[in-house]
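> Below is the structure I would like to discuss, written out as structure tokens.
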Amino acid sequence: MSTFENFEMVDNQIVNNKWIEWNHFGIPNEAGFLRETIRILMLVLGHCLICTKLDGCYFVERKMPEQPQHERCDCTKLNKSQTQVKDVSNSECDIRKFTDYIFRGTGGKKDLFESWGYTLKDSQILQKEFEKQAREQYIKGNYELKGLDYNGQRIAIPINLKGNIFYSGWMVYPNGKLKNTTPFGGWVK
Ligand SMILES: [Zn+2]
């Protein structure tokens, strides 16, 4: 491993993208089925729900939820390489975010997307574009931490549609998985 491995250029700035896996149970994602079984068992037993949700999630170290989360929190962080995160990461944006939410809604967001030349029939194009861009930016560590609660850690990821750059909201899941919560969450200033 080279000393410079974690350093890269993001938006013309050199940043340290050292990745970590949030670990609550001492069993890394690689353990697969065993880890899943224990995770579910811990949930049933009423372990700290927030730490349980964070378990197995990947963050760049400079943008990770606070550790420890609470008194006697025994969570740790495991080092990951960017390649490991890149290999497994994927993002999911439900097409209904566009078909049922953006374009069926009235006012603001619908007008905004239409002003950029998108209509209901472009929902699939938008879905794929959001999934692609969100994953790319996440892997670069280009995201902002948002609310953390019993549902998990939310992050904001910049999306660029025809030069219009804005934040979209995503929930972080174990193994580098992202799910879209909000297609448009405000302008990037
Ligand atoms: Zn904890």
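> Of all GluC sites (Glu not before Pro) in the stretch 38-123, which ones are in loop regions per DSSP and have a Cβ with at most 14 other Cβ atoms within 10 Å?
On the way: sites: Glu61, Glu66, Glu71, Glu92, Glu114; in loops: Glu66, Glu71.
In loop regions of the stretch 38-123 (DSSP not H, G, I, E or B), the sparsely surrounded GluC sites (Glu not before Pro) are Glu66, Glu71.
> Rounded, prolate or oblate: which fits the stretch 123-189, taking a ≥ b ≥ c as square roots of the Cα gyration tensor eigenvalues, rounded meaning a/c under 1.5, else prolate when a/b beats b/c?
prolate
> Tell me, what ³J(HN,Hα) does each residue in the stretch 15-27 have, in order and in whole Hz, if you take phi through Karplus 6.51 cos²θ - 1.76 cosθ + 1.60 with θ = phi - 60° and put x for Gly and Pro?
10, 9, 9, 7, 9, 10, 10, 5, 10, 9, 10, x, 10
> I've got another one for you. 5 Å is the cut-off here: which amide hydrogens, built 1.01 Å from N in the peptide plane, fall below it relative to Gly56, excluding neighbours closer than 5 in sequence?
Counting only residues 5 or more places away or on other chains, the set is Trp22, Asn23, His24.
> Now for a separate question. So which lysines pass the test for Lys162, namely a Cα distance under 27 Å, with those fewer than 8 places away in the same chain ruled out?
Counting by Cα, and skipping residues close in sequence, Lys162 has these lysines nearby: Lys86, Lys97, Lys109, Lys110, Lys121, Lys128, Lys132, Lys140, Lys146, Lys177, Lys179, Lys189.
> Along the stretch 53-65, what does the Karplus equation 6.51 cos²θ - 1.76 cosθ + 1.60 (θ = phi - 60°) give for ³J(HN,Hα), rounded to whole Hz, x for Gly and Pro?
3J(HN,Hα) across the stretch 53-65, in whole Hz: 5, 6, 4, x, 7, 9, 9, 6, 4, 6, 9, 10, x.
> If you don't mind, another one. Give me the net charge for the shell around Phe113: Cβ to Cβ below 13 angstrom, other residues only, Lys and Arg +1, Asp and Glu -1.
Every neighbour counted, the sum reads +2.
> With a 10 Å Cβ neighbour count serving as the proxy for reagent exposure, in which order, fewest first, do Val172, Val88, Val44 appear?
Val44, Val88, Val172
> While we're looking at this one, here's another question. Treat every Asp and Glu Cβ in the stretch 88-182 as -1 and every Lys and Arg Cβ as +1, leave all other atoms uncharged, and give the resulting dipole magnitude about the Cα centre to the nearest 20 debye. Walk me through the intermediate numbers first.
Working: 15 positive and 11 negative charges, 14 e Å.
Using Cβ point charges on Lys, Arg, Asp and Glu, the stretch 88-182 gives about 60 debye.
> While we're here: Going toward the positive end of the dipole of the chain, with +1 on Lys and Arg Cβ and -1 on Asp and Glu Cβ, which of Gln127, Leu112, Cys73 do you reach last?
Working it through, the farthest residue towards the positive pole turns out to be Leu112.
> What does the helix-only formula give at 222 nm for the chain: each DSSP H stretch with n ≥ 4 adding -39500 (n - 2.57), the total divided by the residues, and the result rounded to the nearest 500 deg cm²/dmol?
Value at 222 nm, helices only, nearest 500: -8000 deg cm²/dmol.
> Taking amide H positions as placed 1.01 Å from N in the peptide plane, with prolines and chain starts having none, which residues 5 or more places from Asn90, or on another chain, fall under 5 Å of its amide H?
Distant-sequence amide H within range of Asn90: Lys177, Leu178.
> Under 8 Å for C-alpha pairs, at least 6 residues apart: give me the relative contact order for the chain, rounded to a whole percent.
22 percent
> What dipole magnitude, in Debye to the nearest 20, does the chain give about its Cα centre under +1 on Lys/Arg Cβ and -1 on Asp/Glu Cβ?
340 debye
> In the chain, what % of DSSP beta bridges are antiparallel (nearest 5)? Can you show the working numbers first?
On the way: 30 of 33 bridges.
Bridges in the chain that DSSP calls antiparallel: roughly 90 percent.
Each value in this text was obtained by applying a stated rule to the coordinates, not by laboratory testing. Since this is a predicted model, take the numbers as computed values, not measurements. As a convention, Cβ positions derive from the backbone with ideal geometry for all residues, glycine included, and neighbour counts pool all protein chains shown.
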